[in-house]
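All remarks here apply to the structure that follows.
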Amino acid sequence: MAYMKLIAAILLCAVGVTAQTMQSNSKSPLIATSQAIYGIAKGDVLKSADKIPDTLWSYKPTPDVRSMGQLFAHIADGQYEFCSAADGNQVDKGVEKTAKTKAEIVAAVKDAFAYCDGVYAKMTDASAVEMVAIFGMKATRIGLMDFNTAHTMEHYGNMVTYMRLKGIVPPSSESQK
């Protein structure tokens, strides 16, 4: 039941953000909705980076999973992988392999989100529905942007578990004022 309430809250928030975005943005509902939901994921990840102390950056609940810092780095790499594919390029920064400190990883995550913001900024209704290749298949550019958001939220979900295990309230669970 709590999960259903969370989903409903996310959807209601997305609708509100989309309406606000559309009022201040000339993007169509197709792009504005995608971008608004991406904005929720981006905000949750960036707020999490602020909440998690340096002492927990190497935390792993079990030895066979990514550390907290590796999750952030993986999200950064995913931004480049999916948004660059949507943009018709191939960008691989290798953040998970090269960035080690919290400062390096957070900077890389911010840069990666900025890269995706740029892809959204130049997307048009016509380009959003163009087909591009990824993983040996074809998908629309906007579909890849949406898959990026799904991937980001998948790993934000991992972070939520890690934060809860350490007594930290995740940003998406904080009371909205």
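The values are calculated or read from the model by the stated rules, or taken from the named source; none is laboratory data. All of these numbers come straight from a predicted model, not from anything done at the bench. No Cβ is skipped: glycine too gets one built from the backbone with ideal geometry, and neighbour counts run over all protein chains shown. Ligands, DNA and RNA are stripped out before the accessible areas are found, and what is left, the full protein with its side chains, is counted by its heavy atoms. Shrake-Rupley method; radii C 1.70, N 1.55, O 1.52, S 1.80 Å.
Quick check, is Asp125 farther than 22 Å from His74 by Cβ, among the acidic types (Asp, Glu) and open to solvent by 30 Å² or more (accessible area, probe 1.4 Å)? Spell out how you get there, then give the answer.
Values: farther than 22 Å from His74 by Cβ: yes; among the acidic types (Asp, Glu): yes; open to solvent by 30 Å² or more (accessible area, probe 1.4 Å): yes.
For Asp125, the condition - farther than 22 Å from His74 by Cβ, among the acidic types (Asp, Glu) and open to solvent by 30 Å² or more (accessible area, probe 1.4 Å) - is met.
Taking the criterion of being of a type in the set (A, V, I, L, M) and surrounded by fewer than 19 Cβ atoms within 10 Å (Cβ to Cβ), the residues of the range 150-166 that qualify are Ala150, Leu165. Ile10 meets all of the listed conditions (1) at pLDDT below 95; (2) within 21 Å of Ile75 (Cα to Cα); (3) in contact with a Phe, Trp or Tyr (Cβ under 9 Å, 6 or more places away or on another chain) but one, namely (3). Candidates in the range 77-122 are the residues that are in contact with a strand residue (DSSP E or B) (Cβ under 9 Å, 6 or more places away or on another chain) and open to solvent by 50 Å² or more (accessible area, probe 1.4 Å); of these, the one that is modelled with the lowest pLDDT is Gly88. In the range 130-145, the residues that are closer than 13 Å to Ser84 by Cα and touching a residue at least 40 places away in the same chain (Cβ under 8 Å) reach residues that are part of a strand (DSSP E or B) and small (Gly, Ala, Ser) with C-beta atoms within less than 7 angstrom, at least six apart or across chains, in these pairs: Val132/Ala139.
The set of residues in the range 58-76 being surrounded by fewer than 19 Cβ atoms within 10 Å (Cβ to Cβ) and among the hydrophobic types (A, V, I, L, M, F, W, C) consists of Val65 alone. Of all residues in the range 23-57, those that are crowded, with 19+ Cβ neighbours inside 10 Å and of a type in the set (Ser, Thr, Tyr) total 4. When Cys116 is tested against the conditions (1) in a helix (DSSP H, G or I); (2) more than 16 Å from Asp44 (Cα to Cα), the lone failure is (2). Test each condition in (1) farther than 25 Å from Asp50 by Cα; (2) assigned to a helix (DSSP H, G or I); (3) not basic (Lys, Arg) for Met145 and report the one that comes out false. Result: Met145 passes all but (1).
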